[in-house]
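The values are calculated or read from the model by the stated rules, or taken from the named source; none is laboratory data. Note that this is a predicted model, so its numbers are computed, not measured. When we count neighbours, we look across all protein chains shown, and the Cβ atoms used for this are built from the backbone with ideal geometry, even at glycine.
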Amino acid sequence: MQSRDINIPSRAWSSLIVGLFTVVGVLTLWELVSRVGLYNPQLFPPPSQIALTFFQMVKSGEWARDLGASLSRYGIGFLLGAFLGILLGLLTGRVQLLRDSFSPLLNFLRSTPSVALIPLAIVWFGIGESQKIFVVAWGVTFPLWLNTHAGVAEVEREYVWAAQSLGARGWRIYSEVYVPRALPFIIAGTRMGIATGFFALAAAEMAGAFSGIAFRIFYSYQLFRTDKMMVAILTIGLLGIVGDRLFVRVMRLLLPWWKGEERVGN
């Protein structure tokens, strides 16, 4: 056991060092290729120009305003979508009648891309915050529903019978049997929802927004400011990575027995 505990941190540090060297190598090659003049830096600015633009945007407050607007929309939409997705999954995975009634409809809806709903969302909600929150919630709901549904449906009947024989009824069956057994599926669905939520946010902000990280991408494109476009693109990508890492860390603290991260990768 001791050797295993010692090897886990060493593997983590090795992965971190290799990852850092890879990132530094890619950025260095990118900068060198740009300075040699193999392509037009106006079309694909080098890292040094992107970094300079980033600091200028931070100094002017532009980056912070966009970040705050995007995070508020994403946070509300993610919470709504996660709640709805988990609730639907618990119900359709457990109740056969609900599974037969709603699963075909939900499978149809989850095949509808968030971007295809943006014109309809604008008609329903206008171009205010509600439209963007709705699109984000849509993007988050279905990965959570599908994974929760699968996890609940996989629960062995013997566990349910054992709990019922001990007097568990109603929501106690959920809290003591279904949710614990389906938790790895719910965690996997949440990690997928974190990513799909940012996809939906980007689509929503590019249509009918006046602030936000994805709005900055589209607005900078109209002005041919590829340096600002790259800052915004890198920002939204880093937000997805940070969101996933934070969620994983919290799960590892709350659920020390969870080993899914070791199987999925760092």
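Residue under question is residue 216, and the condition is that it be in contact with an Asp or Glu (Cβ under 7 Å, 6 or more places away or on another chain) and assigned by TED's automatic domain parsing to the domain that holds residue 182; does it hold? Answer is yes for this residue. Listed by first and then second residue, the pairs with beta-carbon distance under 6 Å, at least 6 apart or on different chains, first residue in segment 59-81 and touching a residue at least 24 places away in the same chain (Cβ under 8 Å) and among the polar types (S, T, N, Q), second assigned to a helix (DSSP H, G or I) and surrounded by 17 or more Cβ atoms within 10 Å (Cβ to Cβ), are 70/213.
Filtering segment 224-260 to residues that are surrounded by fewer than 19 Cβ atoms within 10 Å (Cβ to Cβ) and either of a type in the set (Asp, Glu) or assigned by TED's automatic domain parsing to the domain that holds residue 34 (or both) leaves only 244.
Exactly one residue out of 101, 130 is within 26 Å of residue 236 (Cα to Cα), in a helix (DSSP H, G or I), without any contact (Cβ under 8 Å) to a residue 12 or more places away in the chain and in the same structural domain as residue 251 (by TED's automatic domain parsing): that is 130. Residues in segment 220-233 that are over 23 Å from residue 113 (Cα atoms) and either out of contact with any Ser or Thr (no Cβ under 6 Å at 6 or more places or on another chain) or in contact (Cβ under 8 Å) with a residue 60 or more places away in the chain (or both): 220, 221, 222, 223, 224, 225, 226, 227, 228, 230, 231.
Of the listed requirements (1) over 21 Å from the mean Cα position of the chain (by Cα); (2) in a helix (DSSP H, G or I); (3) surrounded by fewer than 14 Cβ atoms within 10 Å (Cβ to Cβ), residue 39 misses just one: (2). On inspection, residue 50 passes the criterion of being in contact with a helix residue (DSSP H, G or I) (Cβ under 7 Å, 6 or more places away or on another chain), under 30 Å from residue 27 (Cα atoms), at pLDDT below 95 and among the hydrophobic types (A, V, I, L, M, F, W, C).
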